[in-house]
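Presented below is the structure to which this report refers.
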Amino acid sequence: MSSQPHRSGFVSIVGRPNAGKSTLLNTLLGTKLAIVADKPQTTRTVIQGVLTEPGAQIVFLDTPGIHEAKTLLHQRMLESIRQAMEDRDLILFLADATRAPGPLDDQALEWIRDVKAPVLLVLNKVDLLSNKAAMLPVLEAYQGKRDFEAFIPISALNGDLGPLKAEILKRLPEGPAYFPEDHLTDLPEKFLAAEFIREKILHATREEVPHSVAVVIDVWKEEPRKKGGVLTRILATIHVEREGQKRILIGQGGSLLKQIGTEARLEMERLLDRKIFLELFVRVTEDWRQRAQFLNELDQSRQAGE
């Protein structure tokens, strides 16, 4: 038996869009849970990921990037960030080590101005710096804007996160685990499937299409396979706001939609560890980002996994 007390707590990851929050979550967990793309607002809701190690359990909350609320969807995203910072044991403020703080960083800092939890400054993307001394002016700029508990340089993509985990554990309270040892997330499988479809769309499209996409799982049916195991049949609708966006997503002869479906299916099979049959449809739902009823139905589907 270890003489060290067991530690557990909730840690929210916040920052501007594209700071690398979802990549950090995935690397900490050792598995891909949050979708990742090189576009702002890839993460639209809070993603819970639980890391359980001998003597400790850390419940991470990956949040959407802090941004201007231009639509009702954006407003709800910002509200999810606000909730994720309430009653946390620790906040990780993730920033880009390769550039000084700008207006979006200042906006994100404003959100954590009055939080009661301790805040760690985590400077990400240090692997992009050929000269690590170039990070010092960036660090000084952030320290001039707020008092942080500690500063940790990392590469969320391929770096050693041991020092970051050590700093987190030092500040978590003593207590039992909140979840069973094999618990990874509270997100339903159907939500994760919809997110993987959306990720492949983000990678395959440009301009206004990625931000105009919502994915709804219409059918989720599990049936035994003749060779053993389970086959999950999934029918999903991709909602876009304009007819032109629908044409782009389908592609010539349905080629792009087929590519998106194949890549998403492989991602689902990896995470869910079973065979998947996936069929995709595209539907125009005009201005869905401003429609409260559609957003309510989307939220209910996420929460219930239906």
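Tabulated results
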| quantity | calculated |
| --- | --- |
| Angle between the chain longest axis and helix 292-304 axis [Cα atoms, degrees, rounded to 10] | 80 degrees |
| Fluctuation leader among Met135, Met268, Met85 - the chain, Gaussian network, Cα springs under 10 angstrom | Met135 |
| Top of Ala166, Ala108, Ala56 by mean-square fluctuation, Gaussian network on the chain, Cα under 10 Å | Ala166 |
| Of all DSSP beta bridges in the chain, antiparallel share, percent nearest 5 | 35 percent |
| Residues Ile201, Ile112, sorted so that the one with the fewest Cβ neighbours within 10 Å comes first | Ile112, Ile201 |
| Listed residue pairs exceeding 24 Å between alpha carbons, taken from Lys21/Lys70; Lys39/Lys170; Lys32/Lys165; Lys32/Lys190; Lys21/Lys116; Lys70/Lys145 | Lys39/Lys170; Lys70/Lys145 |
| Volume per residue that the Cα convex hull of the chain spans, once the total is divided by residue count, Å³ | 156 Å³ |
| Nearest-ten-degree value, helix 162-171 long axis tilted from longest Cα axis of the chain | 70 degrees |
| 0 to 90° range, to nearest 10: angle between helix 72-84 axis and the chain longest Cα axis | 40 degrees |
| Taking the convex hull of Cα positions in segment 29-75, its mean projected area over all directions (nm²) | 4.0 nm² |
| Ordering of 37-43, 217-223 by packing [mean C-beta count within 10 Å, highest first] | 37-43, 217-223 |
| Fewest-first ranking of Glu195, Glu68, using other Cβ atoms within 10 Å as the exposure measure | Glu68, Glu195 |
| For Glu79, Glu208, order by how many other beta-carbon atoms lie within 10 Å, fewest first | Glu79, Glu208 |
| Segment 1-114, Cα convex hull volume normalised per residue, Å³ | 119 Å³ |
| Of all DSSP beta bridges in segment 7-171, antiparallel share, percent nearest 5 | 25 percent |
| Value of relative contact order over segment 8-82, rounded to a whole percent, pairs C-alpha under 8 Å and six or more apart | 36 percent |
| Theoretical ellipticity at 222 nm over the chain - DSSP helices of four or more residues, -39500 (n - 2.57) apiece, nearest 500 | -10500 deg cm²/dmol |
| DSSP-defined antiparallel bridges as percent of all bridges, segment 189-304, nearest 5 | 50 percent |
| Candidates Ala95, Ala264, Ala117, ranked by Gaussian network fluctuation over the chain, Cα under 10 Å, top entry | Ala117 |
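Every number in this text was worked out from the coordinates using simple rules, so none of it is lab data. Worth saying up front: this structure is predicted, and the values here are computed from it rather than measured. Neighbour counts are summed over all protein chains in view; Cβ atoms, including those assigned to glycine, are modelled from backbone coordinates with ideal geometry.
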